[in-house]
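The values are calculated or read from the model by the stated rules, or taken from the named source; none is laboratory data. Bear in mind that the values here come from a model prediction, so they are computed numbers and not experimental data. Neighbour counts are summed over all protein chains in view; Cβ atoms, including those assigned to glycine, are modelled from backbone coordinates with ideal geometry. Note: accessible area is taken over every heavy atom of the protein model, side chains too, but ligands, DNA and RNA are not part of it. Shrake-Rupley method; radii C 1.70, N 1.55, O 1.52, S 1.80 Å.
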Amino acid sequence: MATTSLSPTPKLQFFDANGAPLAGGLLYTYEAGTTTPLASYTDSTGVSANTNPITLDSRGEANVWLGADSYKLALYTSVASGGVLIWTVDNIRIIGVAVTALDFVGTGSQVAFFAADNVAAIYINGVYQNRNTYTVTSGTVTFSQAPPYTSIIEVVYN
């Protein structure tokens, strides 16, 4: 059986009060809790920033990819329609976007490694370690058995 995931919304689409596409609508992206502009992006690479505000196309659509920061979004009607605020949503954050990995080298006797509290997964020499083989307390990962000498221990956390 294949492993699958729910697709993200490939394009955002917005509508006016009558249910028609919000052609020319304006979507502003801000730092959460402020009116300080915060970049959104045209695709998943995060290389090309959208204009801010983003002008929606004739179907009321836009490619909107968010970075790791918390956002506030504000949707307005088109300039031709007076640029009236439709809604604002604050504190939008993508969960699980950013993960970090720490690498350690096994000594054959060391069982405890200072890492992080929010451990997502641990690999030893590329092999996933079941959660019953270690504990995490106050940022310290403690293995039930010392990882082998010169083994590469990768602790992934978010």
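Here are a few things to note about the model shown:
- Residues located in region 27-74, provided they are under 18 Å from F14 (Cβ atoms), β-branched (V, I, T) and either in a strand (DSSP E or B) or open to solvent by 60 Å² or more (accessible area, probe 1.4 Å) (or both): T29, T51, I54, T55
- Flag for A120 being among the small types (G, A, S) and in a strand (DSSP E or B): yes
- Residues of region 123-141 that are surrounded by 13 or more Cβ atoms within 10 Å (Cβ to Cβ) and part of a strand (DSSP E or B): Y123, I124, Y134, T135, V136, T140, V141.
- Meets criteria (open to solvent by 60 Å² or more (accessible area, probe 1.4 Å), part of a loop (DSSP other than H, G, I, E, B), touching a residue at least 24 places away in the same chain (Cβ under 8 Å) and hydroxyl-bearing (S, T, Y)) for Y149: yes
- Given (1) surrounded by 11 or more Cβ atoms within 10 Å (Cβ to Cβ); (2) part of a strand (DSSP E or B); (3) out of contact with any strand residue (DSSP E or B) (no Cβ under 6 Å at 6 or more places or on another chain), number of the condition N91 does not satisfy: (1)
This table checks each residue for (1) of a type in the set (D, E); (2) without any contact (Cβ under 8 Å) to a residue 24 or more places away in the chain; (3) under 30 Å from A20 (Cβ atoms); (4) out of contact with any Cys (no Cβ under 6 Å at 6 or more places or on another chain).
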position: T42; (1), (2), (3), (4): no, yes, yes, yes
position: V47; (1), (2), (3), (4): no, yes, no, yes
position: Y76; (1), (2), (3), (4): no, no, yes, yes
position: Q110; (1), (2), (3), (4): no, no, no, yes
position: F114; (1), (2), (3), (4): no, no, no, yes
position: Y123; (1), (2), (3), (4): no, no, no, yes
position: T140; (1), (2), (3), (4): no, no, no, yes
position: E154; (1), (2), (3), (4): yes, no, no, yes
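- Only a single criterion out of (1) among the aliphatic types (A, V, I, L, M); (2) more than 30 Å from N158 (Cβ to Cβ); (3) modelled with pLDDT of 95 or more; (4) not in a loop (DSSP other than H, G, I, E, B) is not satisfied by A23, namely (4).
- Residue selected from region 94-117 under the condition open to solvent by 70 Å² or more (accessible area, probe 1.4 Å) and in a strand (DSSP E or B), by the criterion farthest from L27 (Cα to Cα): V105
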